Amino acid sequence: MNPLPFPVPKDLAEAARIQKEMRERVIVAGDPVPVRYVAGLDASHPTRFSRQQGLSVAVAVLWDRQEQRVVEVAQAVLDAEKLFPYVPGFLSFREAPSYLAAVARLSRPPELLLVDGQGIAHPRGLGIAAHLGVHLDLPAIGVAKSLLYGKPQGQLPAEAGSAIPLLDRWGQPMGYIYRSRTGVQPLYVSPGHRVGLVESLEFVRSLPTKVRLPEPLRIAHIEAGKARRRSAEG
DNA sequence: GCGACAG
DNA sequence: ATCTTGTCGC
């Protein structure tokens, strides 16, 4: 089963047009509570500058919620720099193609994508999690480590598990700022596709979190870094 | 025109 | 995102 081709725009204007079109197909509703197999997606890139030039590595970690463990790790090596530059608000055009390749290499399709980046908490409502979700027609949730767009509603408490809404330009909630553990920087959680607003937060809360990131993403991050350095040598 | 700005 | 060991602090 080959995924549909992922269009890479020639410039930012075309990219924005694609985002606006695809945003209309996003469904912010659905409850992933029964989902068993989750794909945690993260990528590692070489520094433009320093000694090793290397390539980028994207990793898909297949997480079994029932057994609470990783059951498979798939990766894709790619030259992200040649695809598209990193421009805030347009991350998916740089990273999504490699995620699609990694997901395609899993022995079974995941039931939900957990992506390192925004869902609909995005200037045009289509962060990378939403983009991937719509492209693959899979439930998806975005978990970012910093803010791209939006205003917090109130002050986030210090307690683990606390969350406050993240508001769009019209004051409507599009996600949450979420403190997964006490004493750590918060996460930015928003629905990507086929998941409700509240449900996106509840799902992330249901995942084991030993440190800051939920396990599927923490492990994907580690695996991506290891794989990239590994492929940057022998 | 001035900030803000996922990875 | 990445360059990087030890070290400060709860």
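Numbers for the structure displayed
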| read-out | value |
| --- | --- |
| By accessible area with a 1.4 Å probe, ligands and nucleic acids excluded, highest first: order of A:Lys145, A:Lys82 | A:Lys82, A:Lys145 |
| Sorted largest first, extent of segment A:24-231 alpha carbons per principal axis (Å) | 44, 37, 37 |
| Local net charge near A:Leu138, Cβ-Cβ under 10 Å (Lys/Arg +1, Asp/Glu -1) | -1 |
| Mean separation of Cα contacts under 8 Å (6+ apart) over length of chain A, as relative contact order % | 23 percent |
| Percent of beta bridges antiparallel (DSSP, chain A, rounded to nearest 5) | 80 percent |
| Mean residue ellipticity (222 nm) of chain A, computed from DSSP H runs ≥ 4 via -39,500 (n - 2.57), nearest 500 | -8500 deg cm²/dmol |
| Percent carbon-and-sulfur accessible area, chain A, ignoring ligands, DNA and RNA, probe 1.4 Å | 53 percent |
| Average accessible area per residue (Å²) across segment A:64-117 - probe 1.4 Å, nucleic acids and ligands excluded | 46 Å² |
| Extension gain (nm, one decimal) between A:Glu233 and A:Arg17, 0.36 nm per residue minus Cα-Cα | 73.8 nm |
| Centre separation in Å (Cα based) which lies between segment A:51-78 and segment A:136-167 | 24 Å |
| A:Ile27-A:Glu67 FRET efficiency (beta carbon distance; Förster radius 35 Å; 0.05 resolution) | 0.75 |
| Packing-based order for A:147-153, A:57-63, using average beta carbon neighbours within 10 Å, highest first | A:57-63, A:147-153 |
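The values are calculated or read from the model by the stated rules, or taken from the named source; none is laboratory data. Nothing here was measured: the structure is a model prediction, and the numbers come from that model. Neighbour counts are summed over all protein chains in view; Cβ atoms, including those assigned to glycine, are modelled from backbone coordinates with ideal geometry. Please note that ligands, DNA and RNA were not included when accessible areas were found on the heavy atoms of the full protein model with its side chains. Shrake-Rupley method; radii C 1.70, N 1.55, O 1.52, S 1.80 Å.
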